[in-house]
Amino acid sequence: MQPLLKIENLVKHYAAGRSRGSRRTFAALDGVSLSIASQTTVALVGESGSGKSTLALCIACLERPTSGSMWFEGIDVAVREEAQLRLLRPQIQLVFQDPASSLNPHWTALELVSEPLLVQRRFDRQERERKALDLLDRVAISRKMGGRRADELSGGQKQRIAIARALALEPKLIVLDEALSGLDCSVAAQISNLLRELQSSLGLTYLFITHDFLMAAHLADQIAVMDRGRIVESGPTERILRAPRHEATRSLLAATARFPETPSVLVNA
């Protein structure tokens, strides 16, 4: 069975200025390969600047890679024209770390969740509102809060709205880019449990980007460790936690201060 997403030798260069008339570049991604099976969660763990967010943007078809292949359901999206990418983007949705920066503060929860349907010209107004209310139910936001503006909601509530908004177009893959990092521990735990429930009920696939091995252990079936634009180690979650092989993995594990002595107890907790 082919994976939902398969990336091979993905490279992304950005301009790094000019030197004596020649344009220099740096590699944000330097030959990344990664596979994600349908209805599973892969955690991509790495320090800031390791290339995680650049990979997220490439996967979501918001950045074009410099070279390499990226197969989504057997289609190499890395070489597709813009018109074809517009058809693919609804199937891959992003949820960011700071929902306040991605949600219009003056819009109501109902408007925010229904907007993707409006942009894609799906359904009439009444049906869009009905679907948005159903999505609010799914993320445990009461319908009476549908009329509240985003700037009136707590951080956890905003992130639930962002998740509902990502679900609106019925994607197959959701990329969670540090989506729990800005929340306090209890709220992050509640939303991580929500993500697991949604995955089970809707058959979702997640790429969970984080620097926190604790959350990776809780959510992920597989962990891939990223360092300096490369994936330096990957494998089943329990194996990575019990027997890390790369120095970058061991360093990240050591930096996770809240990690218990036997991290395997968190796997599938």
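Out of contact with any Gly (no Cβ under 6 Å at 6 or more places or on another chain), of a type outside the set (Lys, Arg) and under 19 Å from ALA60 (Cβ atoms), is that true of GLN97? Full working, then the answer.
On the way: out of contact with any Gly (no Cβ under 6 Å at 6 or more places or on another chain): no; of a type outside the set (Lys, Arg): yes; under 19 Å from ALA60 (Cβ atoms): yes.
Criteria not met by GLN97.
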Out of the residues in region 105-122 meeting the condition of being at pLDDT below 95 and in contact with a strand residue (DSSP E or B) (Cβ under 8 Å, 6 or more places away or on another chain), tell me which one is surrounded by the fewest Cβ atoms within 10 Å (Cβ to Cβ).
HIS106
Consider GLU73 against the criteria (1) among the charged types (D, E, K, R); (2) within 22 Å of ALA37 (Cα to Cα); (3) crowded, with 16+ Cβ neighbours inside 10 Å: it satisfies all of them except one. Which criterion is unmet?
(3)
What is the residue count in region 151-190 for residues that are outside any loop (DSSP other than H, G, I, E, B) and out of contact with any helix residue (DSSP H, G or I) (no Cβ under 6 Å at 6 or more places or on another chain)?
14
Qualifying residues in region 123-149 (those that are more than 18 Å from PRO105 (Cβ to Cβ) and of a type in the set (Lys, Arg)) - the one surrounded by the fewest Cβ atoms within 10 Å (Cβ to Cβ)
LYS144
Run down SER181, SER154 and say which single residue is farther than 18 Å from HIS106 by Cα and surrounded by fewer than 19 Cβ atoms within 10 Å (Cβ to Cβ).
SER181
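Any residue at all in region 3-16 that's touching an Asp or Glu at 6+ places or on another chain (Cβ under 7 Å) and free of Cβ contacts under 8 Å to residues at least 40 places away in the same chain? Talk me through it step by step, then tell me what you get.
First, the residues of region 3-16 that are touching an Asp or Glu at 6+ places or on another chain (Cβ under 7 Å): 4, 11-12.
Add one more test, that the residue is free of Cβ contacts under 8 Å to residues at least 40 places away in the same chain, and what stays is none.
No - not one qualifying residue is present in region 3-16.
So, in region 202-215, of the ones that are within 16 Å of GLN39 (Cα to Cα) and in contact (Cβ under 8 Å) with a residue 60 or more places away in the chain, which residue ends up surrounded by the fewest Cβ atoms within 10 Å (Cβ to Cβ)? Step through it out loud before you land on a result.
Just the residues of region 202-215 that are within 16 Å of GLN39 (Cα to Cα), to begin with: 202-208.
Subset that is in contact (Cβ under 8 Å) with a residue 60 or more places away in the chain: 203-208.
Details: GLY203: 10, LEU204: 22, THR205: 21, TYR206: 24, LEU207: 26, PHE208: 26.
Only one residue tops the list, namely GLY203.
The values are calculated or read from the model by the stated rules, or taken from the named source; none is laboratory data. The model shown is predicted, which means the values in this text are computed figures rather than measured ones. Glycine also receives a Cβ, built like all others from the backbone with ideal geometry; neighbour counts cover every protein chain displayed.
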